[in-house]
Amino acid sequence: MSNLGINSFFKIFNPVIIFAAIWLFVIVLFSMRLSALLEESIDSAWFFYLISLTPFLAGYLFAFLPRKSIALDVPVLTEISETYYKRFFIYFYFWLALTVVEIIYSGGFPFLWLITGSDKIYFDYGIPTIHGLLNALELALGIIAFYFYKVDKKKMFLMITIFFVIWNILLVTRQVIIVLLIEIAVVYFLMSDNKLKLVRKLAIYVILGVIGFGILGDFRSGGEAFVKLASPTENWPTWLPSGFLWVYIYVTTPLNNLLFNFTFPIADPHIYFPNTLSLLLPSVIRNLVFDPSVYATGGNLVTEAFNVSSAFTSPYTDMGYWGIVIFSFATGVFSNVIWFVKGIKKIFFHAIIIQIIVLSIFYNMYMYLPVVFQFVWVSIYFSRFKKSGL
């Protein structure tokens, strides 16, 4: 296959390739058994790989049927209109004002509580529902600011992106930091002329990020306490910084929890997928639509200390193995629709959907409102670009 053919193949099937690669990576790590917690069957892991990847690919291909043509290139502006710079700061000041309201409402923020010895934790911060929408806006503004910096080289926008990262460090919310950094990395990659050189740089950044992830984790939960919970085997290379153990455990235990749930047959399937779909609704109205006794469970856990079980536990809890098949098919269709969206928003949609697929090993980001609402914020922000054909 020529380079042009290879490039076109990757441009078309990137979501499928990323899905296949990230889950293969997790299963390989899981098979190494570097923690005593990882006791579930590797055969079950390969079975899951089959019943998730195959429908995902089928759904992705199915979404091509109504399409008459597809645009492979990602449009990139050469300069940013002053109108959209002004719009950015309207959105930013809106986010900032409501964030101040949240700080007042919460009586501070998590980092302040940590250093003052308060009984409050990071779950106590924010106004329910509003906080999720602000997270989505913050993430959208973070990648838009980085995009503006790459186009016009205005360091002010790079500083804003860094500010969002620092702010979430102060909130002790590693999830938002990871989401933002993955999306920035995708935008950076798509806008780079020398992608091979960039991959080497990103590899260094990932290693530094892993080390930083461990430092933040040790600060929040205590390093020795985490090692005790993680139960590394004698094969674990103890000379590695703590961040690598944090990442290994966080990457493998969700799969372990998912496989653990496979040992519990679903006796009462819910065809309306309440566990899966409830995440799409703001918390203030979720209980009005779904019965809390139906969707409240997130599945069975091997240990309460590691309480995430990937994007697929909720579909399994709803409908068993068929739930995973249906969910995978639907997300394959959705990924295709998002991947081939038209206009300048395409680069941001690519970043968001890649992040969703990558982090599906932890949580159902497809249905997680603070993440998926980014699509809405970005669409609203760039709505006027339609007049210029972008």
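Quick note: the coordinates plus some simple rules give every number you see, no bench work behind them. Computed from a prediction, not measured in an experiment: that's the story for all the values here. Cβ coordinates were reconstructed from backbone atoms using ideal geometry, including for glycine residues, and neighbour counts include every protein chain displayed.
If each of residue 196 and residue 14 carries a label point 7 Å out from its Cα toward its Cβ, how far apart are those two points in nm? The two pseudo-label positions are separated by 1.9 nm.
Based on DSSP H assignment, which helices of the chain show an axial Cα extent of at least 24 Å together with a mean Kyte-Doolittle hydropathy greater than or equal to 1.6? The qualifying helices are 3-31, 174-191. Sequence-distant contacts, meaning Cα pairs under 8 Å at least 6 residues apart, place the relative contact order of the stretch 105-178 at 33 percent.
Each Cα pair under 8 Å and six or more residues apart adds its sequence gap; the mean of these over the residue count of the stretch 82-221 is a relative contact order of 20 percent.
Estimated translational diffusion coefficient (Stokes-Einstein, Kirkwood radius over Cα pairs, 25 °C, 0.890 mPa s) of the stretch 48-143: 136 µm² per second. Here's how it looks for residue 35: its modeled amide H is under 5 Å from those of 233, which are all 5 or more places away or on a different chain.
Can you pull a Stokes-Einstein diffusion coefficient for the stretch 82-221 at 37 °C (0.692 mPa s), Rh from Kirkwood over Cα pairs, as a whole number of µm²/s? Rounded to a whole number, D works out at 201 µm²/s.
Here the relative contact order of the chain, from alpha carbon pairs under 8 Å that lie six or more residues apart, stands at 27 percent. Residues of the stretch 355-377 with an amide N closer than 18 Å to a point placed 7 Å from the Cα of residue 165 along the Cα-to-Cβ direction: 355.
Between residue 156 and residue 104, residue separation times 0.36 nm minus the direct Cα-Cα distance comes to 16.0 nm. Taken along the Cα-to-beta-carbon direction at a fixed 7 Å, the label points for residue 36 and residue 268 span 3.6 nm. Above 25 Å, the calculated P(r) of the chain contains 60 percent of its Cα-Cα pairs.
Modelled spin labels at residue 321 and residue 68, positioned 7 Å past Cα toward Cβ, are 4.2 nm from each other.
Here the extension length gained between residue 235 and residue 54 equals 61.8 nm, from 0.36 nm per residue of separation less the Cα-Cα distance.
Taking Cα atoms of the stretch 256-380, Rg/Rh with Kirkwood Rh, to two decimals? Could the numbers behind the result be given before it?
Working: Rg = 15.2 Å, Rh = 15.4 Å.
The Rg/Rh ratio comes out at 0.99.
Here the sum of -39500 (n - 2.57) over DSSP H runs of 4 or more residues, divided by the residues of the chain, equals -22000 deg cm²/dmol at 222 nm, to the nearest 500.
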